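Everything on this sheet refers to the single structure shown next.
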Amino acid sequence: MKEKMKRRVLCGLVAGAMLLSLAGCGDTGNSPAPAGAESVQTTEAQGHNDKLTVETKFVDGKITSVEVLIHKESPSISDLALTEIPANIVKYQTVAVDAVAGATVTSTAIMEAVKTAIQNEGLDLNAFSQAADTSAEKEDDVEKTADVVVIGAGGAGLAAAVSAKQNGASVIVIEKMPKAGGNTVISGAAYNAVDPERQAKHDPPVEDSTDLHYQQTFEGGDSLAKPELVRVLVDNALPALEWTEELGMEYTDYIFTVLGGLWPRAHKPVKPLGTGFIETYLNFADKNDIEIMYNTTAESLIIDDDGAVIGVMAKGKTGNTVTLNANNGVILATGGFGANAEMREKYNEIWPSLSDLKTTNHPGATGDGLAMAEAAGANLIGLAHIQLLPMGDPETGSLSGNIEQAVENRIFVNKDGNRFVAEDERRDVMTKALFEQPDALMWTIVDSHSYPTGDTLNNFNESIDQLVEEGRAYKADTLEDLAAQIGVDPQNLVAAVEEFNKAVDAGGGDPMGRTLFQYKLDQGPYYAGLRAPTVHHTMGGIEINESAEVLAADGSVIKGLYAAGEVTGGIHGANRLGGNALADITVFGRIAGENAAKAKEENA
Ligand code: ADP
């Protein structure tokens with residue numbers, strides 16, 4: 001075998017940076033490699049969480065391999081980008097490949113690192129910048145049959161798939177994105193459940209009941225939810241959580257109040273964001289023969305002459321037709337429409353305008369399931385109830401960078417340094433109050449109770465040190481210094497914190513009317529993070545009953561059609577309690593799967 005000559009060029013470059021070392025690398029990089037020799041470039045670019053180190057190999061002016069050697073990107077969210085982008089760069093010999101949706105920063109970082117490698121190699125970047133031509137690769141049409149077909153591989157769809165399988169059904173899941181997870185995997189993943197064992201360990205111990213959870217959910221949604229669905233939610237939240245634990249999901253013992261959650265009953269998964277849920281379900285799917293078809297977009301439901309849903313028509317990535325027949329039924333779990341500006345504008349009745357607002361949602365949250373369900377005769381309810389959060393990154397709308405840990409231990413101040421709302425209020429109340437502040441911007445203020453060490457992570461897997469380093473959070477030993485850094489009046493900020501601390505000491509009497517407290521804000525270092533309103537959750541959707549069966553406008557059940565998760569309406573009313581979505585999608589996903597599987601016995 002001919003042994004390839006190898007030269008290794010370690011430049012460690014970010015484009016435009018490190019000019020001194022560039023000079024040293026330039027000589028080596030620009031000299032042509034002998035024919036057949038392999039040349040290796042190791043370069044860097046800024047990813048989402050930190051720099052990525054990428055190794056690109058070249059032979060005879062062609063890219064033969066791209067590998068991400070070092071990274072700190074979030075598992076599950078960036079996994080696909082880390083494999084697919086390098087593979088496509090090599091396959092198509094271009095850095096102009098499609099970014100992986102939901103992981104665009106990671107995708108772009110890999111492409112940037114490879115661009116630098118191409119330049120270091122002394123090759124013409126333009127020759128590697130043509131858009132990848134994938135047009136000639138149309139795949140064959142496909143037809144498949146399963147007992148249960150699930151549309152959407154987010155939290156609700158995967159819970160439904162697992163539950164259907166456990167109840168004896170064969171299952172196919174289709175997912176329009178190249179990966180599973182939807183909004184679930186990028187959520188903070190707080191899960192509300194009355195859990196006497198864990199709540200007893202809280203400091204101080206938490207008194208709670210499913211009746212209180214019911215009352216807060218129902219009244220917190222302006223009594224517009226369907227009471228029987230709220231009852232199913234609160235009664236099944238803990239059993240469903242324990243069901244995920246049996247599947248391998250892990251939660252810490254930490255119980256907290258999540259933004260707009262109104263009570264300390266939120267559970268925190270051990271793994272970051274919603275990755276634990278998705279990994280747990282995918283692991284089960286892998287071992288139990290649940291087929292997941294990615295890049296497959298459901299377009300319509302197949303309906304028989306009696307109006308029963310018997311399958312799904314979908315499109316594969318290359319435009320091929322995918323026909324899926326369902327012996328028992330179809331479960332719609334396509335999520336909400338928070339990323340669809342047109343639909344937001346169409347249904348919005350509450351907020352001034354939502355077309356220009358950013359969103360926390362993944363790009364696939366476009367409300368596809370609603371039109372499909374409507375065509376099958378489903379009743380859609382509560383579509384005007386669109387939830388905003390006061391907690392978006394001002395640049396991207398994303399929740400990442402949010403420095404709050406628990407409602408009890410942070411305050412909000414506006415650009416003048418003044419508090420303006422009870423920070424334990426409902427999400428809509430806080431967001432409406434934020435819209436009335438200068439530039440609709442606010443600072444979240446926490447102290448070292450929330451971040452005892454610099455490497456303490458927020459709920460989005462980011463350390464506070466990292467956020468400060470990136471300029472996404474500010475740190476100071478005193479409130480006065482913090483105020484100076486963020487440009488708010490120091491006297492106002494100090495007064496706001498003093499007023500809050502007085503209420504913590506007294507256990508009440510807060511001028512804003514806040515009632516949830518734990519620690520005073522009195523131990524530096526103090527931190528501040530800037531936040532803006534962002535579109536978060538669409539609470540309206542398909543009407544279902546307690547069995548997750550889809551209902552027509554006359555209240556009758558549409559045979560063969562089930563729905564679960566954000567695509568449904570009637571569970572949260574006009575305002576969703578923080579921490580109730582994970583409970584909702586798990587409880588109703590599980591119920592939908594079980595009932596769709598059982599329909600097999602009924603049909604037999
Ligand atoms: P939920 O929390 O209700 O599970 P998610 O947003 O987590 O909602 O998941 C919904 C999933 O459904 C997403 O992964 C999304 O890409 C997928 N999806 C949306 N529309 C379609 C469609 N037309 N065909 C297949 N999958 C879809």
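Report, largest value first, the span of the C-alpha coordinates of the chain along each principal axis, in whole Å.
Largest first, the chain extends 76, 72, 43 Å along its Cα principal axes.
Greater than 32 Å separation of Cα atoms is the criterion. Which listed pairs, K144/K598; K144/K346; K165/K201; K287/K346; K57/K317; K91/K268, meet it?
In this structure, K144/K346; K165/K201; K287/K346; K91/K268 exceed 32 Å between Cα atoms.
Tell me the trypsin sites (Lys or Arg not before Pro) within segment 115-186 that lie in a loop according to DSSP and have at most 12 other beta-carbon atoms within 10 Å.
When the trypsin sites (Lys or Arg not before Pro) of segment 115-186 are filtered for loop state and at most 12 Cβ neighbours within 10 Å, K138 remain.
Rounded, prolate or oblate: which fits segment 146-279, taking a ≥ b ≥ c as square roots of the Cα gyration tensor eigenvalues, rounded meaning a/c under 1.5, else prolate when a/b beats b/c?
Verdict is prolate for segment 146-279.
When the Karplus curve 6.51 cos²θ - 1.76 cosθ + 1.60 is applied with θ = phi - 60°, which whole-Hz ³J(HN,Hα) does each residue of segment 187-193 get, with x for Gly and Pro?
Going residue by residue, I get 7, x, 6, 5, 10, 7, 7 Hz, with x marking Gly and Pro.
Could you list D305, D477 in order of exposure, starting from the residue whose Cβ has the fewest other Cβ atoms within 10 Å?
D305, D477
Would you tally the net charge around G154, using a Cβ to Cβ cut-off of less than 9 Å, leaving G154 out, and scoring K and R as +1, D and E as -1?
-2
V97: net charge of surrounding residues, Cβ under 10 Å, Lys/Arg +1, Asp/Glu -1, itself excluded?
Result for the local shell: -1.
Going highest first, how would you order 278-286, 66-74 by mean Cβ packing within 10 Å?
Listed from highest to lowest mean packing, they are 278-286, 66-74.
Alpha carbons only, please: Rg and Dmax for segment 464-536, in angstrom.
13.8, 37
Measuring from centroid to centroid over Cα atoms, what is the spacing of segment 482-513 and segment 360-434 in Å?
25
Which whole-Hz ³J(HN,Hα) couplings does segment 60-67 yield from phi under the Karplus relation 6.51 cos²θ - 1.76 cosθ + 1.60, θ = phi - 60°, glycine and proline marked x?
These are the phi-based 3J(HN,Hα) values: 6, x, 10, 7, 9, 6, 10, 9 Hz.
In sequence order, what are the phi-derived ³J(HN,Hα) couplings for segment 320-329 according to the Karplus relation 6.51 cos²θ - 1.76 cosθ + 1.60 with θ = phi - 60°, rounded to whole Hz, with x for glycine and proline?
6, 8, 10, 10, 10, 8, 10, 4, 9, x
For n ≥ 4 DSSP H runs only, could you compute -39500 (n - 2.57) per run for the chain, divide by its residues and tell me the 222 nm figure to the nearest 500?
Using -39500 (n - 2.57) per qualifying helix, the result is -9500 deg cm²/dmol.
What does the C-alpha gyration tensor say about the overall shape of segment 292-446? Classify as rounded when a/c is under 1.5, otherwise prolate if a/b is larger than b/c, or oblate.
prolate
GluC sites (Glu not before Pro), restricted to segment 416-520: which are DSSP loop and have at most 13 other Cβ atoms within 10 Å?
E436, E470
Return the Rg/Rh ratio of segment 337-396 with Cα-based radii and a Kirkwood Rh.
Reported Rg/Rh (Cα atoms, Kirkwood Rh): 0.99.
Please give me the summed charge of the neighbours of A378: other residues whose Cβ is under 11 Å from its Cβ, Lys and Arg +1, Asp and Glu -1.
Combined, the nearby Lys, Arg, Asp and Glu give -3.
Ranking request for peptides 183-189, 79-85, 307-313: highest mean number of other beta-carbon atoms within 10 Å first, then the rest in descending order.
Highest to lowest by the protection proxy: 183-189, 79-85, 307-313.
Once amide H atoms are placed 1.01 Å from N in the peptide plane, what residues at a sequence separation of 5 or more from G573, or on another chain, have their amide H within under 5 Å of its amide H?
A225, K226
Throughout, read-outs are computed from the coordinates displayed, never taken from laboratory work. Note that the structure is a prediction, hence the values are computed from the model and not measured. So basically every Cβ, Gly included, is an ideal-geometry build from the backbone, and we count neighbours across all protein chains shown.
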